[in-house]
1. Report whether or not B:Gly168 is modelled with pLDDT of 95 or more and more than 14 Å from chain A (Cβ to nearest Cβ).
2. Which of the residues belonging to segment A:275-289 are without any contact (Cβ under 8 Å) to a residue 60 or more places away in the chain and either touching a helix residue (DSSP H, G or I) at 6+ places or on another chain (Cβ under 9 Å) or within 16 Å of ligand 2 (Cβ to nearest atom) (or both)?
3. When you go through B:Arg75, B:Arg71 one by one, which is the residue that is out of contact with any strand residue (DSSP E or B) (no Cβ under 9 Å at 6 or more places or on another chain), closer than 23 Å to A:Val115 by Cα and not assigned by TED's automatic domain parsing to the domain that holds B:Leu123?
4. Filter segment A:294-322 for residues that are within 12 Å of chain B (Cβ to nearest Cβ), assigned to a helix (DSSP H, G or I) and surrounded by 24 or more Cβ atoms within 10 Å (Cβ to Cβ) and give the result.
5. If we keep just the residues of segment A:270-293 that are within 16 Å of ligand 1 (Cβ to nearest atom) and surrounded by fewer than 20 Cβ atoms within 10 Å (Cβ to Cβ), which is nearest to the other protein chains (Cβ to nearest Cβ)?
6. Does A:Leu263 satisfy being in contact (Cβ under 8 Å) with a residue 40 or more places away in the chain, within 14 Å of another protein chain (Cβ to nearest Cβ), over 28 Å from A:Asp90 (Cα atoms) and within 13 Å of ligand 1 (Cβ to nearest atom)?
7. Find all pairs meeting these conditions: Cβ atoms under 7 angstrom apart; at least six residues apart or on different chains; first residue within segment A:324-339 and within 12 Å of chain B (Cβ to nearest Cβ); second residue within 16 Å of ligand 2 (Cβ to nearest atom) and of a type in the set (Gly, Ala, Ser).
8. Quick one: in segment B:228-249, of everything that is part of a loop (DSSP other than H, G, I, E, B) and more than 16 Å from ligand 2 (Cβ to nearest atom), which residue is farthest from the other protein chains (Cβ to nearest Cβ)?
Amino acid sequence: MKAKRRVVTDIGPPMPSRAAVQRRGRTSGQSSAGATRASEPGSRPVPPPAQLDGPIDLTVDLGRGLVLPNPILVASGTFGYGIEYGEVVDIEALGGICCKGTTLRPRVGNPTPRVTETPGGMLNSIGLQNPGVDAVIAKYATTWERWRVPVIVNVAGESVEDYVEVVRRLDGIPGIAGIELNISCPNVGRGGLQFAIDADAAAGVTAAVRRATDLPLLVKLSPNVADVRPIARAIADAGADALTAVNTLSGIAVAGSRSRPLLGNIYGGLSGPAIKPVALRVVYEVSQVVDIPIIAIGGITGLDDVLDFLAVGAVAVQVGTAIFADPTLPVRLVGELEDACRAHGHRSHLGFVGTALPRRAAAPSSKGVEYRP
Amino acid sequence: MRLVGAELIEAREILPGQWLQTYHAPALATGSRAGQFVHVRTGDLSGFVLRRPFSINTADAATGTISIHFRTIGRGTEWFTHLRPGDVIDMLGPLGRPFEVDPRSQHLLLIAGGLGMAGVRSLADEAIRDGRQVTLLFGAASARDVYPTALLPDEVEYVIATDDGSVGHHGYVTDLVPAYEAWADQAFACGPEPMLKAVSRLAATRSHRMGVAKLGRKRGGGKAIPAGSPAARRKAFLQVSMEQRMGCAVGACLGCVVMATSGTPQRVCREGPVFASDEIDWEGSWGR
Ligand SMILES: Cc1cc2nc3c(=O)[nH]c(=O)nc-3n(C[C@H](O)[C@H](O)[C@H](O)COP(=O)(O)O)c2cc1C
Ligand code: FES
């Protein structure tokens with residue numbers, strides 16, 4: 001007997017009012033960002049006057065019963081297991097939480113240094129440090145079950161069998177709302193080539209996981225490929241419910257002494273505002289070749305970034321690196337997006353989706369596959 | 001842990017390239033303990049995407065102020081030096097776990113190398129307030145880098161070592177430790193990793209010789225105290241405050257770890273920055 005998966009069904013009114021979001025912000029001790037002297041582009045003083053009354057629907061239907069309460073999620077690896085920012089962030093106001101990459105066995109991760117700041121971004125090489133799937137379930141699942149916010153477990157592995165086994169163990173555990181496959185991992189069975197850079201390998205792992213679970217299945221694209229479109233199409237055809245894009249860009253930094261690369265692992269993943277144009281390009285390309293929903297990730301630091309990603313076809317976004325500087329940003333974005341809907345006369349943020357895409361027959365999908373007419 | 005707006009009250013360049021800044025932040029001044037730190041947001045996100053961690057150098061509950069002490073090592077720390085009194089910046093804190101002083105410890109030995117002063121400085125205040133005796137051993141490259149005596153409480157015995165011998169002992173601060181080791185009930189160190197490694201080697205030999213006897217600790221009595229717990233740290237002769245590059249500073253990103261003797265990397269921001277010295281794997285064996 002599988003335990004019943006918790007699904008968000010209360011979609012009306014879907015959102016805490018803006019006032020509620022602001023109230024939460026204040027009680028959690030939120031202060032104005034940066035120095036008051038240095039004016040911050042993201043902090044607009046007064047929201048535009050409401051031009052639409054009544055509830056705004058910010059929900060996102062990803063299929064298989066997973067309805068996100070709103071389209072602002074937090075990205076894997078930047079928000080731990082959802083508890084770490086507890087007192088500072090009102091997690092229940094988020095659209096979803098993607099937890100740290102989880103593997104079959106515990107991993108100690110890469111040698112240090114593991115993070116460094118770069119122009120407009122950062123490099124990280126955590127090396128998937130995590131206690132292993134069984135410990136993750138034992139430690140966090142009962143907490144997640146109590147939350148209204150859906151928790152999506154990010155899954156990593158070194159072989160198709162690894163992925164399948166992790167997902168099997170997660171399947172049916174109350175408190176787990178979905179799976180996000182991190183396929184930017186070396187495939188030991190194929191000489192260490194990443195799953196994410198090869199359409200066949202990506203489709204293979206997606207199909208195998210698809211057979212192992214009926215949990216909503218998100219697959220995370222890597223930007224480190226020549227042409228992402230055939231890979232995205234292969235993953236969609238293999239049964240993914242949604243795509244998330246993008247993971248970090250491969251990069252290195254040099255130590256101050258110039259005698260070696262800075263990171264203990266030499267290579268790291270670049271994230272933050274610096275990668276936003278790359279992420280936009282990937283979402284723009286992919287949304288024109290697949291019919292499943294796309295959740296955009298990459299360098300989001302404000303509402304304008306969210307609207308840009310919606311314009312190129314994403315139906316939801318994840319905020320990552322920006323949380324480190326501004327932990328309350330994702331919750332604020334929910335309120336700001338609702339305001340933007342009102343100001344533009346949209347009943348749903350889906351009104352912003354796809355406006356920058358070339359005209360074509362069908363608009364990008366905003367629903368899970370099996371809900372398509 | 002809270003996000004607070006902290007107003008700059010005073011900024012001084014106390015040494016070439018080293019700054020002491022005092023901020024009005026009552027929640028941090030009253031709610032923090034020696035050894036904890038704050039994670040401070042820099043300016044515009046499109047330039048700097050990470051906050052900067054600073055030890056709470058001093059905390060004054062009466063005035064509701066805390067101070068931070070830093071060296072300008074890049075554009076990020078440089079940004080802080082352009083702040084003017086009245087400017088409000090965003091601080092996340094207090095973060096991490098504090099030093100744990102055994103209630104029976106009367107003689108505290110503080111050992112600081114360079115900027116490591118910022119890590120142990122507030123413990124001097126706390127210990128003196130609690131009626132303990134404090135000796136502070138401080139090492140720097142040269143006289144011009146020596147933390148000013150005037151910025152320390154009068155009650156502290158301040159012993160200096162410089163690499164070039166321009167003031168105090170000619171050599172490393174670790175050379176001074178053996179002379180004070182027998183006097184000390186507990187020791188607390190912060191500084192460059194080679195220094196911490198050397199001090200912890202000294203401490204390891206000491207705990208065999210006398211550490212346990214000195215405070216009349218019972219061996220093997222009662223339940224085992226889990227390594228890394230406040231109780232276990234309180235029993236340690238040497239506690240070290242570690243430094244590591246940080247992302248989130250709340251335990252979410254695993255960017256800041258140090259390898260532990262347990263084999264599981266420990267987060268400097270969450271399990272640390274203070275550790276009992278025997279919790280740290282000083283060889284950093286990342287065998288995989
Ligand atoms: C410190 C850190 C750790 C990360 N860990 C993971 C991970 O475990 N699994 C994963 O799929 N992505 C991971 N990512 C990638 C992020 O989820 C996200 O795709 C990327 O950072 C781009 O978004 P951003 O620019 O908003 O940060 C990590 C990113 C950072 C900065
Ligand atoms: S800095 Fe993120 S876990 Fe410590």
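The values are calculated or read from the model by the stated rules, or taken from the named source; none is laboratory data. The shown structure was predicted, so the numbers you read here are calculated from the model rather than taken from an experiment. Reconstructed Cβ throughout: ideal geometry from the backbone, glycine too, with neighbour counts over all protein chains shown.
1. Here the answer is no, as B:Gly168 does not meet what is asked.
2. Initially, segment A:275-289 is screened for residues without any contact (Cβ under 8 Å) to a residue 60 or more places away in the chain, giving A:276-281, A:283, A:285.
Residues satisfying the conditions are A:Lys276, A:Ala279, A:Leu280, A:Val283, A:Glu285.
3. Details: B:Arg71 fails: out of contact with any strand residue (DSSP E or B) (no Cβ under 9 Å at 6 or more places or on another chain).
Result: B:Arg75 is the single residue among B:Arg75, B:Arg71 that is out of contact with any strand residue (DSSP E or B) (no Cβ under 9 Å at 6 or more places or on another chain), closer than 23 Å to A:Val115 by Cα and not assigned by TED's automatic domain parsing to the domain that holds B:Leu123.
4. Step one: filter segment A:294-322 for residues within 12 Å of chain B (Cβ to nearest Cβ), giving A:299-302, A:304-305, A:319-322.
The next check asks that each one be assigned to a helix (DSSP H, G or I); those that pass are A:304-305, A:322.
Hit for segment A:294-322 is A:Ala322, nothing else.
5. Filtering segment A:270-293 down to residues within 16 Å of ligand 1 (Cβ to nearest atom) leaves A:270-283, A:286.
Filter again for surrounded by fewer than 20 Cβ atoms within 10 Å (Cβ to Cβ), leaving A:277-278, A:281.
Values: A:Pro277: 13, A:Val278: 16, A:Arg281: 19 Å.
So the residue we want is A:Pro277.
6. On the way: in contact (Cβ under 8 Å) with a residue 40 or more places away in the chain: yes; within 14 Å of another protein chain (Cβ to nearest Cβ): yes; over 28 Å from A:Asp90 (Cα atoms): yes; within 13 Å of ligand 1 (Cβ to nearest atom): yes.
In short, yes.
7. Here the result reads A:Phe324/B:Gly247; A:Leu329/A:Ala322, each pair linking segment A:324-339 to a residue that is within 16 Å of ligand 2 (Cβ to nearest atom) and of a type in the set (Gly, Ala, Ser).
8. Here is the first cut: in segment B:228-249, the residues part of a loop (DSSP other than H, G, I, E, B) are B:228-229, B:236-237, B:242-249.
From the residues that got through so far, the ones that are more than 16 Å from ligand 2 (Cβ to nearest atom) too are B:229, B:236-237.
On the way: B:Ser229: 18, B:Ala236: 23, B:Phe237: 26 Å.
Checking each candidate, the answer is B:Phe237.
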